Amino acid sequence: MATMKDVAREAGVSLGTVSRVINHAAGIKPATLEKVKAAIEKLNYVPDQYARGMKLNRSYTVALMVPTIWNSFNAEFAYHVEKALAKQGYKMLLCDYDDDPDWELAYIQMVRENKIDAIIGITYGDIDKYIDSQLPFISIDRYYKQRVSYVASQNYEGGRLATSELLKHGAKHLAFVGSYNQYPNDTTRRYEGFCDYLKERDLPILAIHELEPVESFFPLLDQLFSQHPEIDGIFCNTDTLLYDVWRWCVANKLRVPDDVQLIGYDGMRMTDSQRLPVSTIAQPLQEMAEGAVKLALGKLNDPQMKEKHIFFPIKFVEGFTTKNNHSQIDLLKNPMG
């Protein structure tokens, strides 16, 4: 079995240079990097990850905390985080905490005990008091009292864009349907963008904007449409919620998009190459995941790193829930099927 010394000899460099390449150190000349990589490949050298971790007091593992994996957004985001970490020689530990704050706290404790190196968290629990600015913790969307780096899409601009597209597609009476968490996070800016866009045009604001958890939106939709049957365009806070609203429309004999047009938020995919067939404000999940990984490893390498807030651009993706899309896929016309 090849050793690091064998790699150094093959590449014609020092043992220290090989170590720096394996540990992804900065400042290595491209030519030297290529020689070492070629030697590693030729000799089929496998670094001793455990020994390396013990020496540097690292596990080379980053935890991703999600409230549930039964959500296409979380699953797709986890896929991209794992890929981004692998490129840097790290593994991902997936924590599906199922809305249980004790699980969230357990993973935070694992960082403090050096069992994992960092956390990327999609979190909605009461853990603010356990987060501090020294902890290698990167948040997705949520703010904390302590100075913590976070990654988000341009949620406010997304709310405005969704509203603009509904009007552009011919809807005249708009409503927002969504929920919000008791802990502050950037996703509430979607609702703010929706409201501001309508206010600027002196258009009425109709909304279901409920504190989570919401058991069912169906009774709320019953009430909204009984008071405002003229509604013909809805901005849904997520793609998952859009499907619930679509189901309600089908049950109430409202045709989508002929009677009611729907736009969601997330841009979730069915496969690696195919998005869900709905009109949506798409987030660049791969770029967001890579950004979160970069922040996490940056904080790990420099505990004094100042917090950073990174917002990624969004775009409108046309689907079957808005008008003027002439493509036909009958199988996807009925969400009840």
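The values are calculated or read from the model by the stated rules, or taken from the named source; none is laboratory data. Just so it is clear, the model here is predicted, and its values are computed rather than measured. No Cβ is skipped: glycine too gets one built from the backbone with ideal geometry, and neighbour counts run over all protein chains shown. Note: accessible area is taken over every heavy atom of the protein model, side chains too, but ligands, DNA and RNA are not part of it. Shrake-Rupley method; radii C 1.70, N 1.55, O 1.52, S 1.80 Å.
General observations
- Degrees, to the nearest 10: 239-251 long Cα axis against longest axis of the chain: 30
- Rounded to the nearest 20 debye, the dipole size of segment 74-153 about its Cα centre is 500 debye, using +1 on the Cβ of Lys and Arg and -1 on the Cβ of Asp and Glu.
- Packing-based order for 191-198, 69-76, using average beta carbon neighbours within 10 Å, highest first: 191-198, 69-76
- Placed amide H near I208: partners under 5 Å, 5+ positions off or other chain: F176, V177, G178
- Å² of accessible area per residue within the chain, as computed with a 1.4 Å probe and no ligands counted: 51
- Inter-centroid distance (Cα atoms) of segment 224-300 relative to segment 110-147, Å: 27
- Under conditions of 37 °C and 0.692 mPa s, segment 64-177 yields 205 µm² s⁻¹ as its translational diffusion coefficient, taking Rh as the Kirkwood radius over Cα pairs in the Stokes-Einstein equation.
- Surface composition of the chain: carbon plus sulfur atoms contribute 51% of the solvent-accessible area (1.4 Å probe, protein chains only, all chains present).
- In the structure shown, the pairs K29/K115; K145/K299; K87/K308; K83/K115 are assessed against 25 Å; a Cα-Cα span above that value is assigned to K29/K115.
- Taking the chain as a Gaussian network of alpha-carbon nodes connected by springs under 10 Å, the highest mean-square fluctuation of the residues K37, K308, K323 belongs to K37.
- Calculated FRET efficiency for the pair E41/S14, C-beta based, R₀ 25 Å, to 0.05: 0.85
- For the listed peptides 84-94, 143-153, a ranking on the average number of other beta carbons within 10 Å per residue, highest first, reads 143-153, 84-94.
- Charge tally for K168 (other residues, Cβ to Cβ under 13 Å; Lys, Arg +1; Asp, Glu -1): +2.
- Kirkwood hydrodynamic radius (C-alpha pairs) into Stokes-Einstein, the chain, 4 °C and 1.567 mPa s, D in µm²/s: 58
- Mean residue ellipticity at 222 nm, helices only, the chain: -12000 deg cm²/dmol; runs of at least 4 DSSP H residues each add -39,500 (n - 2.57), and the sum is divided by the number of residues.
- Close amide H contacts of S59 (hydrogens built in the peptide plane, cut-off under 5 Å, sequence separation of 5 or more or a different chain): D117.
- DSSP finds beta bridges in the chain, and of those with both partners inside it, around 10 percent are antiparallel.
- Average projection area in nm² (convex hull over Cα atoms of segment 172-265, one quarter of hull surface): 5.9
- Panel values: segment 202-329, Kirkwood radius from alpha carbon pairs, Stokes-Einstein at 4 °C and 1.567 mPa s, translational diffusion coefficient 76 µm²/s.
- Rounded to the nearest 10 degrees, the inclination of helix 189-199 to the longest alpha-carbon principal axis of the chain is 40 degrees.
- Here each label is just a point 7 Å from Cα along the line to Cβ, and for Q88 and I310 those points are 0.9 nm apart.
- For segment 105-111, putting each phi into the Karplus relation 6.51 cos²θ - 1.76 cosθ + 1.60 with θ = phi - 60° gives couplings of 5, 4, 6, 4, 5, 5, 5 Hz, in residue order, rounded to whole numbers and with x for Gly and Pro.
- Taking 0.36 nm per residue of separation and subtracting the Cα-Cα distance, full extension of the segment from R147 to L33 would add 37.4 nm.
- Restricting the calculation to Cα atoms, every distinct pair contributes to the Kirkwood radius of segment 218-292, found to be 13.5 Å.
- GNM result for the chain, Cα springs below 10 Å: residue of N252, N44, N237 fluctuating most strongly: N44
- Using C-alpha pairs below 8 Å separated by at least 6 residues, the relative contact order for the chain is 16 percent.
- Compactness index (Cα Rg / 2.2 N^0.38 Å), segment 125-199: 1.38
- Placing +1 on the Cβ of every Lys and Arg and -1 on the Cβ of every Asp and Glu, with nothing else charged, gives segment 120-247 a dipole about its Cα centre of roughly 320 debye.
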